[in-house]
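Accompanying notes for the structure given below.
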Amino acid sequence: MRFSNTKDLGTRIESAKAARQKVKRRLLVCAGTGCIANGSLEIADALQKELDARGVKLNVELSLKKTGCHGFCEHGPLVTFHPEEIFYQRVNAKDAAEIVEKTVLKGEVIDRLLYTDPTTKQKVTKYFDIPFYAKQQRVVLANCGQIDPAAIDDYFAVGGYSALKKVLEEKNPEGVISAVEEAGLRGRGGGGFTTGKKWRICRGQTSDKKYLICNGDEGDPGAFMDRSIMEGDPHAVLEGMMIGAYAIGANEGVIYVRHEYPLAVKHLEKAIADARACGILGENILGSNFSFDVSISRGGGAFVCGEETALLNSVMGETGEPRPRPPYPAVEGLWGKPTIINNVETLANVPTIINKGAKWFNGLGFKNSHGTKVFSLVGKVRNTGLVEVPMGATLRDIIFGIGGGILNDRPFKAVQTGGPSGGCIPASALDLPIDYETLTENGSMMGSGGMIVMDDRTCMVDVAKYFIKFLMGESCGKCVPCREGLRQMSYILENITEGKGKPEDIERIRELSVGILNGSLCALGQTAVNPVLSTLKYFENEYHAHIKDHKCPGGVCKPLITYGITDKCTGCTVCARACPVNCISGEKKKLHLIDQKKCTKCGACFSSCRFDAIEVK
């Protein structure tokens, strides 16, 4: 159905809402990338076959949907049942018959599929009683895991495109920009620049053509926030783009998506086609004078193309290298025309700001950081996955409240925020509020929202070396301070982790950092030294241990460690069975020994021991 005007759209939205309300029971299967990799599509097919076999029709009584990511990736594949809010985790296709027989037909709960709270050891039945979900406030992720991202009617049913309707009926471009400014929305891609201010600059440019680009080039290791939004709620991204384009006067948009995100591309292409078919995209949208269309540009996965000028070059088919600024893209961007570049999460916030009001959004958050922020919580934490909290929540709230604490109850050591360009924050700063300025003041940054948790078995020098090597490989090589500075930094850190470090290396690192930071052309080089400087700031003792004592406190750097077995050994033989070179000997229930001449320092014994009997010397 093609809508001729906003009234037609409003009618469709209301009918979709009414249809959703009539559905008495909903069976939702997570079909995000992580759960698909673990067989969730097979689970959905198995559930459908079981329903068919029992003559259960999908109608107003029951719906079965494949949704976007539910966020609790550690426990996937996930299946939820509503309105009871029953939450099943680590489901497989063999469970389908029991789910249909007991839960769908009889209303019974399958105890073995429920989540077990690691603190209370109690089974938790309901979705929102699980601390991982209960302690979040989902705004951008509100629809992810609740709707079928490939069905535009599902988006209508949750009020989708009502913000676009409101804008076209009630607001001029100036009114939209003012609302976004009043809300205090800042860029969620890492820079934190005020979105409304950026839009206003572009709006003020005189040009025959303007562009709006959605940056979906999510390159941080361990980050998957934008991917999950594009996969699970693609229409929200489109609607945010439309509103932004209306505000700045653009009639063409581009979604720049990294090549490694095929499911996101598939769902975006479907959303674009459906929106065009409905008259929401294209010429004279909903009978107005506003015309706007969107295409997809696929990036090759270069981290530097997350920088906006490098991204522009990539979209235009040129080498993804940054260029000097000014002029900024809002003045001279794609093909030399004024261009706004916002990341996925930023744009997905816009419809909510229009629908709920700037004051509502402004009321969330902390100081000058308003709204919520989505983080990908990974590393040595019990509950990995997608987390959305109001700005100002503390690191402790996320890591211990939502994340459930550190794996195997080991001591927390640090958390890396902001990806390769961010920094490592120690345990002493766990109660810091998460906002743009506070993280920067403490040697890190918000970044796009990656959060990597580390325990006491992490070597901070090795962490710094890893990120410098990553950035060295991702540097476009255009400017000398970044290209050669990172190479020298990597060489120094490599020597330190191999026991070849010198006392003067620490001062050399600091001097190099100043040169890289001040001399690099783009943000990649300007922020590349953050991981090193933050580890020096909080963990300089580990650098000294490597250099002076020739020891690695985290037990990671092979040339500096020796494994030994203490009298905690119970003689269980687990370590001996795990050793790939058979260098551990000993009888059952007696103290074991390691043959140091044969030991390759692989750490298999260290990782497998359940009694902390393996020590690092």
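The values are calculated or read from the model by the stated rules, or taken from the named source; none is laboratory data. Source: prediction; values computed, not measured. When we count neighbours, we look across all protein chains shown, and the Cβ atoms used for this are built from the backbone with ideal geometry, even at glycine.
Candidates are the residues of the stretch 547-571 that are touching a Lys or Arg at 6+ places or on another chain (Cβ under 9 Å) and of a type in the set (D, E, K, R); the one that is surrounded by the most Cβ atoms within 10 Å (Cβ to Cβ) is Lys551. Only one of the numbered conditions (1) farther than 28 Å from Ile147 by Cβ; (2) surrounded by fewer than 21 Cβ atoms within 10 Å (Cβ to Cβ) is violated by Gly282, and that is (1). Note on the stretch 33-88: residues that are touching a Gly at 6+ places or on another chain (Cβ under 8 Å) and of a type in the set (Ser, Thr, Tyr) amount to 3.
From the list Asp274, Asp293, the lone residue that is surrounded by fewer than 23 Cβ atoms within 10 Å (Cβ to Cβ) and part of a strand (DSSP E or B) is Asp293.
Please work out if Ala576 is crowded, with 16+ Cβ neighbours inside 10 Å, farther than 30 Å from Ala427 by Cα and out of contact with any Pro (no Cβ under 7 Å at 6 or more places or on another chain). Yes: the conditions hold for Ala576. Only one entry in Gly525, Gly519, Gly501 is in contact (Cβ under 8 Å) with a residue 24 or more places away in the chain, crowded, with 18+ Cβ neighbours inside 10 Å, more than 14 Å from Pro420 (Cα to Cα) and among the small types (Gly, Ala, Ser), namely Gly501. For the stretch 502-512, the criterion of being part of a helix (DSSP H, G or I), basic (Lys, Arg) and more than 23 Å from Phe224 (Cβ to Cβ) is satisfied by at least one residue. Selection of the stretch 246-266 for residues being hydroxyl-bearing (Ser, Thr, Tyr) and either more than 25 Å from Gly419 (Cα to Cα) or part of a loop (DSSP other than H, G, I, E, B) (or both) yields Tyr246, Tyr261. Kindly evaluate Ala134 against the criterion of being buried (at least 17 other Cβ atoms within 10 Å of the Cβ) and either aliphatic (A, V, I, L, M) or more than 18 Å from Arg12 (Cβ to Cβ) (or both). Criteria not met by Ala134. For the stretch 128-140, the tally of residues that are over 13 Å from Asp117 (Cβ atoms) and outside any loop (DSSP other than H, G, I, E, B) stands at 1. Can you say whether Asn5 is outside the structural domain of Asn355 (by TED's automatic domain parsing), polar (S, T, N, Q) and over 30 Å from Asn289 (Cα atoms), as far as the supplied structure shows? When the stated conditions are applied, Asn5 does not pass them. Checking Ile340, Ile353, Ile402 one by one, the residue that is touching a residue at least 40 places away in the same chain (Cβ under 8 Å) and within 27 Å of Ser607 (Cβ to Cβ) is Ile402 and no other. Against the test of being of a type in the set (A, V, I, L, M, F, W, C) and in contact with a Ser or Thr (Cβ under 6 Å, 6 or more places away or on another chain), the options Cys459, Cys476, Cys482 yield a single qualifying residue, Cys482.
Just one residue in the set Leu164, Leu141 is under 20 Å from Met451 (Cβ atoms) and either of a type in the set (Ser, Thr, Tyr) or at pLDDT 95 or above (or both); that residue is Leu141. Scanning the stretch 66-109 for residues that are surrounded by fewer than 20 Cβ atoms within 10 Å (Cβ to Cβ) and either basic (Lys, Arg) or assigned by TED's automatic domain parsing to the domain that holds Ala223 (or both) turns up Arg90, Lys94, Lys102, Lys106. For the stretch 39-66, the set of residues classified as in contact (Cβ under 8 Å) with a residue 40 or more places away in the chain, among the basic types (Lys, Arg) and within 22 Å of Glu84 (Cα to Cα) consists of Arg54, Lys65, Lys66, listed by residue number.
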